[in-house]
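A.B. asks: One structure coming up, written as structure tokens, with questions to follow.
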Amino acid sequence: MATVSVRDARKNFGSTPILHGVNVEIGDGEFVVLVGPSGCGKSTLLRMIAGLENISGGEIAIGGRVVNTVPPKDRDIAMVFQNYALYPHMTVRENMAFSMKLAKAPREVMEEEVQRAAKILGLDALLDRYPRQLSGGQRQRVAMGRAIVRHPQVFLFDEPLSNLDAKLRVQMRSEIRELQQRLATTTIYVTHDQIEAMTMADQIVVMNAGRIEQAGAPLALYDRPANTFVAGFIGSPAMNLVPGEISDGGFRAQGGALLPLPPATPANVATYGIRPEHLVLAEDGIEARLVVVEPTGSETQVAMRIAETPLVGAFRERITGRPGETIRVKPDLSLVHLFGADGRRL
Amino acid sequence: MSDVAASPGNTNTASAAPEQMAWDSKTRRVVLLYVPLACFLFILLFPFYWMTVTAFKPNAELYNFAEHNPLWISSPTLEHVYHLLFNTAYPKWLWTTMLVAVASTFLSLLASTLAAYAIQRLRFRGSQYVGLAIYLAYLVPPSILFIPLATMVVQLGLFDTPFALILTYPTFLIPFCTWLLIGYFKSIPYELEECALIDGATRLQILRQITLPLAVPGLISAGIFAFTLSWNEFIYALAFIQSSESKTVPVAILTELVTGDVYQWGALMAGSLLGSLPVAIFYSFFVDYYVSSLTGAVKE
Ligand SMILES: Nc1ncnc2c1ncn2[C@@H]1O[C@H](COP(=O)(O)OP(=O)(O)O)[C@@H](O)[C@H]1O
Ligand SMILES: [Mg+2]
């Protein structure tokens, strides 16, 4: 169990700066998800915490101890890699016991730990198999087993579910979360999938191009995104972000739509944000032309145009209209997000 | 289905085509595959056949093609083999060759494993240049290198000892094996080593417990190459060894079995035949590894 502090961490590959001063505070036992588009530096940050990349600037501390120059094996961490990195020439048992073998643990202790981890992960029957004889999900579990047996201070996961099919991904998602809650080990989890982030995290850290855009609880990020990047990244389907300006007593969007504003709006609004699920059908709403209607059963997603401004809505009601027909919608004014010209929340 | 039914004109060609195809592909296989393969095999194997036939022919048949079929033995004999084993130092030559080949292969594998690992994985400053330099060293022909090497061998007092060969063969074996192993190490996912690093392994433990076990096919093919090259090596063996009984097989059969301008063909061929057996046996044991190391990387 430990806290992790990343203070003004910087990373250059050669002369190319990849991380431009990143700050993250992770509490003891917390599940933190680093999320961001591919190439934004998530893995690099994780690997710096693991000690696999050296730190170009700033400081990383685990459990209060600065580890900038501490080699990976002395950081008391365990990492699960994207491709699992199971040793192909060792059985599941040997894979899990490898770290203990290196630490010269007694044979009984090793066997006990392996059995315990195998029980937790449901691997009992597979201990004598080789990685090539396992399915993707089983390999994933072995990789986690290898992490568990070490009782590390911190678990690090780098996109552990990205090689699994959609159904297994959902299942493993809750398994990992449940495991983390049971062991109460501080966990840093990297993903590019915001749904994984939303469903698993205590704290989400949204990264973009080597910077942190916002950090906070999942629902806090959903309810109050700090800028247009986070607003567009968190939530599915993505928030409508409409550029335009205030005029005619409302927000005149590019494309011509006139959207209503909440009371006491500052004058320098440049982007109007409304989540698809916060558009509601209303008799007194604005007329919108249907473009695409996608019923999912529980809700209906609709691509539409108000004048020439494209918007996406998600309605609990079933919409049977055909493309070209019109419906009347209005935004829930208490849930409108307004951003200035610099992209920041107003 | 409905398309075919709708246009009956097509059915004719449709039913004729498979037969023609089958005939075509059979002919094509014979012409393009079996005939060239047969020629190739013939050219490749005929010298071995000739060697074998000659080794077991009595001299009377050997030198008289008019009365005997050159391609066949009427009355096989072991006289040449006997002569070779008991009237010459052949067993000693064989032993020396084996010793030199095994020792220099072992030395070279040891050095090139470490070199290849360092160049491929440690990525120290200038590692590419070291890799390149090693490759360039391989391009220097032995026929040039043996002159300075001869001076060194003499000054170190190694002349006419097996060490002269054991220590000089690595000059061409190490570059070769290093390059082969660099390629092989590249195919082993680096993540495995990073994972082992986090698991608490040192560099040497990683090399011994992760990388080398996974590189076994690569090590074996490097070993086979090194062994074969040292087994067949000629120039250094000719230059650095003088006394008759410490020669290696390729040099000895040529210098000791040709007396004046008399070629002892039977003994020569028996010597070559026996001399090629160890390499052939070596290959046949490891052929699976050898192929897999040339065709594939490590799969989980
Ligand atoms: N070893 C490296 N050398 C040079 N550039 C690298 C290296 N590793 C990563 N990068 C670059 O750093 C950026 C961030 O990479 P990464 O942290 O892997 O992103 P992701 O958020 O997708 O995990 C990418 O632009 C990548 O090209
Ligand atoms: Mg990544």
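A.B. asks: I'm checking my understanding of the structure. Among residues of segment A:228-251 that are without any contact (Cβ under 8 Å) to a residue 40 or more places away in the chain and assigned to a loop (DSSP other than H, G, I, E, B), which one is surrounded by the most Cβ atoms within 10 Å (Cβ to Cβ)?
C.D. replies: A:Gly249
A.B. asks: Where residues in segment A:149-184 are exposed (fewer than 13 other Cβ atoms within 10 Å of the Cβ) and of a type in the set (A, V, I, L, M), which of them is modelled with the lowest pLDDT?
C.D. replies: It comes out as A:Ala166.
A.B. asks: Let me ask something additional. Going by what's in this entry, would A:Leu126 be described as over 21 Å from A:Ala197 (Cα atoms) and of a type in the set (A, V, I, L, M)?
C.D. replies: When the stated conditions are applied, A:Leu126 passes them.
A.B. asks: Return the residues of segment A:118-133 that are out of contact with any Leu (no Cβ under 7 Å at 6 or more places or on another chain) and either within 14 Å of chain B (Cβ to nearest Cβ) or polar (S, T, N, Q) (or both); say none if nothing qualifies.
C.D. replies: A:Arg129, A:Tyr130, A:Arg132, A:Gln133
A.B. asks: Here is a further query. Please specify each residue of segment A:98-117 satisfying the condition of being buried (at least 20 other Cβ atoms within 10 Å of the Cβ) and either within 10 Å of chain B (Cβ to nearest Cβ) or closer than 14 Å to A:Gln140 by Cα (or both).
C.D. replies: A:Phe98, A:Ser99, A:Met100, A:Ala117
A.B. asks: Could you list, in sequence order, all residues of segment A:54-86 that are buried (at least 18 other Cβ atoms within 10 Å of the Cβ), assigned to a strand (DSSP E or B) and either among the hydroxyl-bearing types (Ser, Thr, Tyr) or more than 16 Å from ligand 1 (Cβ to nearest atom) (or both)?
C.D. replies: Once the filter is applied, which keeps residues that are buried (at least 18 other Cβ atoms within 10 Å of the Cβ), assigned to a strand (DSSP E or B) and either among the hydroxyl-bearing types (Ser, Thr, Tyr) or more than 16 Å from ligand 1 (Cβ to nearest atom) (or both), segment A:54-86 yields A:Ile62, A:Ile77, A:Ala78.
A.B. asks: OK, next. Taking interchain pairs and intrachain pairs at least six residues apart, which have beta carbon atoms under 6 angstrom, with the first residue in segment A:87-116 and closer than 19 Å to B:Arg203 by Cβ and the second among the acidic types (Asp, Glu) and in a helix (DSSP H, G or I)?
C.D. replies: That search, which allows pairs on different chains as well, returns A:Phe98/B:Asp199; A:Ser99/B:Asp199.
A.B. asks: Among the numbered criteria (1) free of Cβ contacts under 8 Å to residues at least 24 places away in the same chain; (2) within 16 Å of ligand 2 (Cβ to nearest atom), which single criterion is violated by A:Ala125?
C.D. replies: Exception for A:Ala125: condition (2).
A.B. asks: Find all pairs meeting these conditions: Cβ atoms under 8 angstrom apart; at least six residues apart or on different chains; first residue within segment A:206-219 and more than 19 Å from A:Asn12 (Cα to Cα); second residue surrounded by 20 or more Cβ atoms within 10 Å (Cβ to Cβ) and of a type in the set (Asp, Glu).
C.D. replies: Close Cβ pairs (under 8 Å, with a partner that is surrounded by 20 or more Cβ atoms within 10 Å (Cβ to Cβ) and of a type in the set (Asp, Glu)) amount to A:Val206/A:Glu213.
A.B. asks: Follow-up question, since we're still on this one. Please state which one of A:Val67, A:Val154, A:Val80 is β-branched (Val, Ile, Thr), facing chain B (nearest Cβ under 10 Å) and on the phi < 0 side of the Ramachandran plot.
C.D. replies: Only one candidate passes the filter, namely A:Val80.
A.B. asks: Take A:Phe31 and decide whether it is within 14 Å of chain B (Cβ to nearest Cβ), of a type outside the set (Val, Ile, Thr) and under 26 Å from A:Ala117 (Cα atoms).
C.D. replies: no
A.B. asks: Say whether the condition of being crowded, with 20+ Cβ neighbours inside 10 Å and more than 14 Å from every other protein chain (Cβ to nearest Cβ) is met by at least one residue in segment B:183-202.
C.D. replies: Within segment B:183-202, one or more residues are crowded, with 20+ Cβ neighbours inside 10 Å and more than 14 Å from every other protein chain (Cβ to nearest Cβ).
A.B. asks: Quick one: is B:Tyr82 out of contact with any His (no Cβ under 9 Å at 6 or more places or on another chain) and outside the structural domain of B:Val249 (by TED's automatic domain parsing)?
C.D. replies: In short, yes.
A.B. asks: Only residues that are crowded, with 23+ Cβ neighbours inside 10 Å and near ligand 1 (Cβ under 7 Å from one of its atoms): list them for segment A:11-40, please.
C.D. replies: Across segment A:11-40, the qualifying residue is only A:Gly36.
A.B. asks: Now for a different question. Identify, please: which residue in segment A:182-227 is part of a loop (DSSP other than H, G, I, E, B) and within 16 Å of ligand 1 (Cβ to nearest atom) and is, among those, farthest from the other protein chains (Cβ to nearest Cβ)?
C.D. replies: A:Ala209
For every residue, the table says whether it meets (1) assigned to a strand (DSSP E or B); (2) at positive phi; (3) of a type in the set (Gly, Ala, Ser); (4) within 16 Å of ligand 2 (Cβ to nearest atom).
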site	(1), (2), (3), (4)
A:Ser5	yes, no, yes, no
A:Gly29	no, yes, yes, no
A:Gly39	no, yes, yes, yes
A:Leu52	no, no, no, yes
A:Pro88	no, no, no, no
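Listed here are the residues, each with its yes/no results for (1) among the β-branched types (Val, Ile, Thr); (2) surrounded by fewer than 19 Cβ atoms within 10 Å (Cβ to Cβ).
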| residue | (1), (2) |
| --- | --- |
| A:Leu259 | no, no |
| A:Ala264 | no, yes |
| A:Gly297 | no, yes |
| A:Arg305 | no, yes |
| A:Val312 | yes, no |
| A:Glu325 | no, yes |
| A:Asp332 | no, yes |
| A:Phe339 | no, no |
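A.B. asks: Could you list, in sequence order, all residues of segment B:213-223 that are more than 10 Å from chain A (Cβ to nearest Cβ) and of a type in the set (A, V, I, L, M, F, W, C)?
C.D. replies: Scanning segment B:213-223 gives B:Ala215, B:Leu219, B:Ile220, B:Ala222.
A.B. asks: Same structure again: Yes or no: B:Asp288 at pLDDT below 85 and more than 20 Å from B:Ser112 (Cα to Cα)?
C.D. replies: So B:Asp288 fits the description; yes.
A.B. asks: Can you pull out every residue in segment B:204-217 that is under 19 Å from B:Ser112 (Cβ atoms) and either part of a loop (DSSP other than H, G, I, E, B) or modelled with pLDDT of 90 or more (or both)?
C.D. replies: Correct list: B:Leu204, B:Ile206, B:Leu207, B:Arg208, B:Ile210, B:Thr211, B:Leu212, B:Pro213, B:Leu214, B:Ala215.
A.B. asks: Residue pairs, Cβ under 6 Å, 6 or more apart or interchain, first in segment A:37-57 and within 14 Å of another protein chain (Cβ to nearest Cβ) and touching a residue at least 40 places away in the same chain (Cβ under 8 Å), second more than 10 Å from ligand 2 (Cβ to nearest atom) and part of a helix (DSSP H, G or I). List them.
C.D. replies: Close Cβ pairs (under 6 Å, with a partner that is more than 10 Å from ligand 2 (Cβ to nearest atom) and part of a helix (DSSP H, G or I)) amount to A:Ala50/A:Pro72.
A.B. asks: Right, here's the next one. Output the number of residues of segment B:229-243 satisfying the condition of being among the polar types (S, T, N, Q), part of a helix (DSSP H, G or I) and surrounded by fewer than 17 Cβ atoms within 10 Å (Cβ to Cβ).
C.D. replies: Residues flagged as among the polar types (S, T, N, Q), part of a helix (DSSP H, G or I) and surrounded by fewer than 17 Cβ atoms within 10 Å (Cβ to Cβ) within segment B:229-243 amount to 1.
A.B. asks: Any residue in segment B:166-180 that is within 14 Å of another protein chain (Cβ to nearest Cβ), in contact with a Ser or Thr (Cβ under 8 Å, 6 or more places away or on another chain), modelled with pLDDT of 90 or more and surrounded by fewer than 23 Cβ atoms within 10 Å (Cβ to Cβ)?
C.D. replies: No; the residues of segment B:166-180 include none that is within 14 Å of another protein chain (Cβ to nearest Cβ), in contact with a Ser or Thr (Cβ under 8 Å, 6 or more places away or on another chain), modelled with pLDDT of 90 or more and surrounded by fewer than 23 Cβ atoms within 10 Å (Cβ to Cβ).
The values are calculated or read from the model by the stated rules, or taken from the named source; none is laboratory data. This is a predicted model, so every value here is computed, not measured. All Cβ positions, glycine included, derive from the backbone under ideal geometry; neighbour counts span all protein chains shown.
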